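Colleague: Pasting a structure below so you can have a look.
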Amino acid sequence: MPSFCDQEQIRRVVVFDLDDTLYLERDYAISGLAAVGVWAGCQLGLTGLGANMLARFQRGERTGIFDAALAELGHPASPDLIGSMLAVYRQHRPRISLTPDAAELLDDPPRETAFAIITDGYLDAQRRKLRALKVGRRGVRLAVCTDRWGRDAWKPNVRAFEHVQQAFGLGPDRYTYVADNPAKDFHAPLRLGWQTVRVMRPERLHQAIRPGDVEADRTILDLWQL
Ligand SMILES: [Mg+2]
């Protein structure tokens, strides 16, 4: 397969994770919960659901938000309704933007460096995020959603990383993966011999380190430090 690097001088490929690496996942959750709230108001005549869910998220609740908010409003939470709410959440048009450090870096790549993305999550949702962030127009050559090959291909599976390596055709030591979550992000690239960098944004959602987590070679607080 002809690679990106056949035609031009690319000596290094920096591959980014998406959620909490290039934008704040918190903003996506807020945008999605608001969309579900609007939908519930129109479709179910339920007022106040959006505000209730957002307040829960802001208080630090991360699971069971739909059920808890419906219960508080006295509305039965049938599996069908929860399924519809999840679909609205994943299919809404997200109101998110790149963090300033990410925007600056993507718009002005260092010499002989190419950018790519590997992101996990439901295909529909991740594609909508990529579109909202306009990464294709900002110097990202290749964006890979692991879910295009199904749930088994999500990180820490190595498949997306091998795909990117083939697409650019450079040796493994020429790649760096920049991501936030030691629970799944660094296993595969380290196995392939890539460099790894963990970005620890203070506002990120995944904070705790657990047994089985794999740390990156280097840790930074934002992409200005890259
Ligand atoms: Mg992430």
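The values are calculated or read from the model by the stated rules, or taken from the named source; none is laboratory data. Since we're looking at a predicted model, the values are computed, not measured. Every residue, glycine among them, receives a Cβ derived from its backbone with ideal geometry; neighbour counts consider all protein chains shown. Heads up: the accessible areas ignore ligands, DNA and RNA and are worked out on the full protein's heavy atoms, side chains in. Shrake-Rupley method; radii C 1.70, N 1.55, O 1.52, S 1.80 Å.
Colleague: By average Cβ neighbour count within 10 Å, what is the ranking of 203-214, 48-59, 112-123 from highest down? Don't skip to the end; give the middle numbers.
Modeller: Values: 203-214: 11.5, 48-59: 16.7, 112-123: 19.8.
In descending order of packing, they fall as 112-123, 48-59, 203-214.
Colleague: If R₀ is 25 angstrom, what is the calculated FRET efficiency for the pair I220 and E112, using the beta carbon separation as r and rounding to 0.05? Intermediate values should be presented prior to the final figure.
Modeller: On the way: r = 21 Å, r/R0 = 0.85.
Plugging the Cβ-Cβ distance into 1/(1 + (r/R0)^6) gives 0.75.
Colleague: Suppose all protein chains stay in the model; what accessible area per residue would a 1.4 Å probe give for the range 26-91, in Å²? Let's see the in-between values first.
Modeller: On the way: 3340 Å² over 66 residues.
Computed with neighbouring chains in place, this is 51 Å² per residue.
Colleague: Sum -39500 (n - 2.57) across every DSSP H segment of at least 4 residues in the chain, then divide by the residue count to get the 222 nm mean residue ellipticity, nearest 500.
Modeller: On the way: 8 runs with 86 residues, N = 226.
Taking each H run of at least 4 residues, the total per residue is -11500 deg cm²/dmol.
Colleague: Shape call for the range 26-91 from the C-alpha gyration tensor, a ≥ b ≥ c root eigenvalues: rounded (a/c under 1.5), prolate (a/b greater than b/c) or oblate? Can you show the working numbers first?
Modeller: Details: a/c = 1.40, a/b = 1.20, b/c = 1.16.
Here the range 26-91 falls in the rounded category.
Colleague: Using Cα centres only, tell me the gap between the range 1-71 and the range 176-199 in whole Å.
Modeller: Computed from Cα coordinates, the inter-centre distance equals 22 Å.
Colleague: Something else: With springs only between Cα atoms under 10 Å, which of S84, S31, S97 fluctuates most in a Gaussian network model of the chain?
Modeller: Most flexible of the set in this elastic network: S84.
Colleague: Another question, if that's okay. Remind me, relative contact order of the range 26-91 in percent, using alpha carbon pairs under 8 angstrom and six or more residues apart? All intermediate terms of the calculation are to be shown ahead of the outcome.
Modeller: On the way: 50 pairs, mean separation 21.8, N = 66.
Dividing the mean separation by the residue count of the range 26-91 yields 33 percent.
Colleague: Taking each pair of distinct Cα atoms in the chain once, what is the resulting Kirkwood hydrodynamic radius in Å? Don't skip to the answer; put the middle values down first.
Modeller: Working: mean 1/r = 0.0533 Å⁻¹.
One decimal place: 18.7 Å for the Kirkwood radius.
Colleague: If you stretched the chain out fully between A208 and V38, how much longer would it get, using 0.36 nm times the residue separation minus the C-alpha to C-alpha distance? Kindly include the intermediate steps, with their values, before the conclusion.
Modeller: Details: separation 170, 0.36 × 170 = 61.20 nm, distance 3.24 nm.
Length difference between fully extended and current span is 58.0 nm.
Colleague: Can you order the peptides 186-194, 14-22 by their average number of other Cβ atoms within 10 Å per residue, highest first? Each step should come with its number before you reach the end.
Modeller: Numbers: 186-194: 19.2, 14-22: 24.4.
Final packing ranking: 14-22, 186-194.
Colleague: Based on the mean of other Cβ atoms within 10 Å per residue, sort peptides 68-75, 157-164 so the most packed one is first.
Modeller: Going by the mean number of other Cβ atoms within 10 Å, highest first, we get 157-164, 68-75.
Colleague: Follow-up. For the chain, which whole-number percentage of the solvent-accessible area (1.4 Å probe, protein heavy atoms only) is attributable to carbon and sulfur atoms?
Modeller: Working: 5500 of 11290 Å².
Looking at the chain in its full context, I get 49 percent from C and S.
Colleague: Round to the nearest 10 and give me the degree value, 0 to 90, for the angle of helix 123-133's Cα axis relative to the longest principal axis of the chain.
Modeller: 70
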